[in-house]
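Chemist: Input: one structure, supplied below.
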Amino acid sequence: MKKKLLLVLFFCSMATFAQQQAVTYSISPATFEETTAITITINGISINEATWGVTGNALYLWSWSYDINDANSLDCPTNGTWPVANDANKFIYNSVADTYTKTITPTAFYNRSGIGRIGFLIKAKDGTGDKKSQNLYAEVGAFQVTLTAPSQNSSTIITSGGSLNIAANNTGGNASYNLKSNGISINTNGSSANYSFNHTNITSNQNYELEVTQGSTTLVKKFTVIVNPGAVSETIPSGLLEGINYNTADATKATLVLDAPLKDFIYVAGSFNNWQPTNAYSMKKDPTSGKFWLELTGLTSGVNYTYQYWVGKTTPIANSPALVKTADPYSTLVLSPFDDPGIPAASYPNMPVYPLGQEREVTVLQTGQTPYAWSTATTNFVKPEKEKLVVYELLVRDFDAGRNYQSIIDRIDYFKNLKINAIELLPVMEFEGNESWGYNTSFHMALDKFYGSSSKLKEMIDVCHQNGIAVILDVALNHAFGRNPMVRMWMNDPDGDGWGSPTVENPYFNTEAKHSYNVGEDFNHQLPGTQNYVKRVIKQWIQEYKIDGFRWDLTKGFTQNCPSSVAGGQDNCTNAYQQDRVDVLKMYADYSWSLDPTHYIIFEHLGTNSEEQQWANYRVSGDADGIGKGIMMWGKMTDNYNELSMGYAANIYGMTSASRGFTANRLMGYAESHDEERLMYKNVQYGNSANPAHNVKTLDVALSRMSAIGAVSLLVPGPKMIWHFGELGWDTSIFSCNNGTVNAPSDAISGDCKLNTKPQPQWTNSWLANNGRNKIYTDWARMIRLKTTEPVFAGTAMINNNSSLSQTIKITNAALASTQLKDVLVLANFDVTAKAVATGFPYTGTWYNLMDNSTINVTDATAAITVEAGGFRIYGNKVASLAIANYEGESGIYLYPNPASSYFTLNTNTTQVQVFSMAGQLVKSFNTTHSKEAPFAISDLSNGLYIVKALNENNEVQVMKFMKE
């Protein structure tokens, strides 16, 4: 496959690449110049339109061109955006002849001159999966050179002292031939239409260029010889891991390690040897582990070096290449000839430059790197409790027009004012292409450069920690895509283009996916190589980037029990309980917790409760370290909440952890996520319009209902999640296209635009200044403040297990005293007219509206309360003392030092100061007047994060956090 096929923006419901279909075609005239009009004709009999999902005989040409030296490949400007083709490249169908034709003139079609060869494939409008042909090629120009031995761009492996026969011919009469090896001419043929030469006694690697000149035109054919050096057996130094091992005592050295079972030899080619490795750069082989290794010397500290592995096998299995040139699978920074030109300098200043003359990804190596200087906010960061997490899920690309980490840093006040306590980034590991969601990962240990540098991501994480916000990464470890070195080193590549799918020898991947949700290539998580790789990935992001947790994408794919031939069907098997999946994911969780006992683990499983209970309840009571663990489970409730927001009855009982059989609050429920249609879009498209005075299809009415959605979702005990800009009532379809149209998955011809880059109306149109949108933001912020600061919301919730437009949620924390806020009642009316909503207060007396701490007197605990259409109420038995309006606001009261070890001071006279644990318990109280900067002793407190509530002489209250160390 051409590299463009690997740039597809996949998401979790797409199918993996299958074998491309062979088609019958012709080009007329057969010999043509770049200014000649040519007609490409496809025989319709060779196309299975039904398999491709083609309707109306809509086939398309996807094409690219090379220069006369078969280099500098450029896509046709009218191709479209993969996988969706542009209508400008549509074939004309002749129903009588059953043929498809497309007439082009190369210079005009490709918008370039100096074309030596064209490549193309035939595809459906949406070319995902197997809905396309194999790659096809045609030479341009009357003067053509054919390299008959060896193949063009091939690498021939020989033993030292061996020979290579070189043969070529040309059209258009005699030409002169000049054979160069490693840049030096070794043979010429002055005037002939044929060429033959036998290069003998070859003892070192050779890069050949056969220059063929006719008149003023010179064509160059390239190929190489790799001498099998025979790997030297030598014991690997102890303590080395796969990938780059920097010598901390000597910045002139680094040792590379690669585990490559069944391979015979490996060269390291790089900028340090001008990409022409000699035997000195042949890797040694450890006799015990079989791992290859090589110590590099003579390096200069601080210099960026680039390298690849040239991995050889003298007798490869059928259709598998003898030599693969690949980056290091354990790369932490890779350069790409495909993607790097599209990375803005503003996002990644001074990005290392891809080395000229190379192909595919290369790894960056730099000794003497200065470690990032983390602030104490990160080194002492105490993660928010799992039960109180409010996670803000965002795609860096679509969050702000800058589309980089700096944009997130610049918007930190937006998150802080919303009061969320965690940000979850869609995958940022090296993915294929730039305009991606990141799930098409190719290098899991490397940071993708499109959003910024490693230091900038670390700065973003540090800034988040300084503001009490944890950072979670979405990781796609179910699969990898075609550029992944562990795919390419053991791949089927019958067309020899350097891309392919895993062979039976592959020690990491299945040849066939063992579950029904596959994308890319399917990891076999029962193989020791895969398990080691996954653990290295976990360690890299926890230790190098101080990441607080992972959201594991598509955990259903971690089973080996569900091949396509399984009895009962692959999908039924995938969705059923699988013990191997339970066990291997527990093992990965254990490893994560061994590195960081408080590490967040979140699974996107969306499967059977019986399987999810195994993870949610795992080690939940804590170990010897006293830290409660348990894996948080993604809980999709989008359809249910969307029915309510549109004005139709729904059941939201499944938002509680107890409804899933979890012994603790480990359900990360959500009303919106990146995979689901926007609630607001469906509100205005399909909302209840029965009441003209409250027509949900009206934007302002639809917006007014979203605060109630927050009340009945965010406040349910347990971790919860927001998908970016739900808090501003984002009403653009998730399937909106770059051209402004909307294409949903049901559009079989056009495909969907789910992964298209989205606009930024929330900033350009100042949504925070819009009353309707701002109300959602501020209401949700108040609710999140309640959730994260008031201990009652770490309790349990009771929701009726039935479908209704009126929702009543009872929340209680039995561990709290009656003098505390321990009972909460949430009421909401999702009808389009005012309704009396059932209550069920636990007891009569004074209750407080927790949105503003106003009071009501309850004399009948069961009396219904009338709530306006789309409205809500939140009542508590006590005032929300910790979640006051100016929590961490601007009252002018400040605490320092922070972190503090034995005391802290305040910059004002105080009449009362109280210290609470993060669980809400009062642990220390100072009830006498203290003067400004007087010390408050805290040496008796355990290390950790606390909340301080201070009252000054003017009766102003301020709530602050501080770290005791």
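Chemist: Please report the net charge: other residues with Cβ closer than 9 Å to the Cβ of G116, K and R +1, D and E -1.
Modeler: Every neighbour counted, the sum reads -3.
Chemist: If you don't mind, another one. According to the Cα gyration tensor, what semi-axes, each the square root of 5 times an eigenvalue, does the equivalent ellipsoid of the chain have, listed from largest to smallest in whole Å?
Modeler: In descending order, the three semi-axes are 58, 34, 24 Å.
Chemist: Which of L59, M851, A769 sits closest to the plus end of the dipole of the chain, meaning its Cα is farthest towards the positive end, when Lys and Arg get +1 and Asp and Glu get -1 on the C-beta?
Modeler: M851
Chemist: Of E387, E49, E612, how do they rank once you tally other Cβ atoms within 10 Å and put the fewest first?
Modeler: Exposure proxy ranking, most exposed first: E49, E387, E612.
Chemist: Sorting check: for 775-786, 687-698, which peptide has the highest mean count of neighbouring beta carbons within 10 Å, and how do the rest follow?
Modeler: Ranking, from highest mean packing down: 775-786, 687-698.
Chemist: Rounded to the nearest 5, what % of DSSP beta bridges with both residues in the chain are antiparallel?
Modeler: So the antiparallel bridges amount to about 80 percent of the total.
Chemist: Let me ask something else. Once you charge only the Cβ atoms, +1 for Lys and Arg and -1 for Asp and Glu, what is the size of the charge dipole of region 116-170 about its Cα centre, to the nearest 20 debye?
Modeler: Dipole magnitude for region 116-170 comes out near 220 debye.
Chemist: Using the count of nearby Cβ atoms within 10 Å as a rough guide to exposure, how do I709, I42, I865 rank from fewest to most?
Modeler: In increasing order of surrounding Cβ atoms, one gets I865, I42, I709.
Chemist: From the backbone phi of region 839-847, what are the Karplus-calculated ³J(HN,Hα) couplings (6.51 cos²θ - 1.76 cosθ + 1.60, θ = phi - 60°) in whole Hz, Gly and Pro given as x?
Modeler: 10, x, 4, x, 6, 7, x, 7, 10
Chemist: Quick one: which residues, 5 or more positions from T99 or on another chain, have an amide H under 5 Å from its amide H? H modelled 1.01 Å from N in the peptide plane, none for Pro or chain starts.
Modeler: Residues meeting the criterion, in which the H sits 1.01 Å from N, are G44, N94.
Chemist: Show me 319-325, 370-376 ranked by packing, highest mean number of other Cβ atoms within 10 Å first.
Modeler: The packing order, highest mean first, is 319-325, 370-376.
Chemist: Just give me a number: lysine pairs in region 359-517, eight or more positions apart or cross-chain, with C-alpha atoms less than 22 Å apart.
Modeler: 12
Chemist: Determine the dipole magnitude for the chain: charges of +1 sit on the beta-carbon of Lys and Arg, -1 on that of Asp and Glu, nothing else is charged, the reference point is the Cα centre, and the result goes in debye to the nearest 20.
Modeler: 680
Chemist: For a quick protection proxy, order the peptides 136-148, 259-271 by their average other-Cβ count within 10 Å, most packed first.
Modeler: 259-271, 136-148
Chemist: By the gyration tensor of its Cα atoms, with a ≥ b ≥ c the square roots of the eigenvalues, what is the shape of region 20-139: rounded for a/c under 1.5, prolate for a/b over b/c, or oblate?
Modeler: Because a/c hits 1.5 or more and a/b exceeds b/c, region 20-139 counts as prolate.
Chemist: Which of the three applies to region 710-805, rounded, prolate or oblate, going by the alpha-carbon gyration tensor with a ≥ b ≥ c and a/c under 1.5 meaning rounded?
Modeler: Oblate is the answer for region 710-805, as a/c is 1.5 or above yet b/c matches or exceeds a/b.
Chemist: I'd like to know which of S621, S46, G557 lies farthest towards the positive end of the charge dipole of the chain, counting +1 on Cβ of Lys and Arg and -1 on Cβ of Asp and Glu.
Modeler: Positive-end residue among those listed: S621.
Chemist: Would you give the gap between the C-alpha center of region 491-561 and the C-alpha center of region 838-861, rounded to a whole Å?
Modeler: Computed from Cα coordinates, the inter-centre distance equals 54 Å.
Chemist: Once phi is turned into θ = phi - 60°, what whole-Hz ³J(HN,Hα) does the Karplus curve with 6.51, -1.76 and 1.60 give for every residue of region 471-479, x standing for Gly and Pro?
Modeler: Those phi angles translate into 10, 10, 9, 7, 10, 10, 9, 6, 8 Hz.
Chemist: For E234 and N319 in one chain, what is 0.36 nm times their gap in residues minus the Cα-Cα distance, to one decimal in nm?
Modeler: 27.4 nm
Chemist: Then there's this: Multiplying the sequence separation of T846 and S818 by 0.36 nm and subtracting their Cα-Cα distance, what value in nm do you get?
Modeler: Taking 0.36 nm per residue and subtracting the Cα distance, the gain is 8.8 nm.
Bear in mind these aren't lab numbers, they're just calculated from the coordinates by the rules spelled out. The shown structure was predicted, so the numbers you read here are calculated from the model rather than taken from an experiment. When we count neighbours, we look across all protein chains shown, and the Cβ atoms used for this are built from the backbone with ideal geometry, even at glycine.
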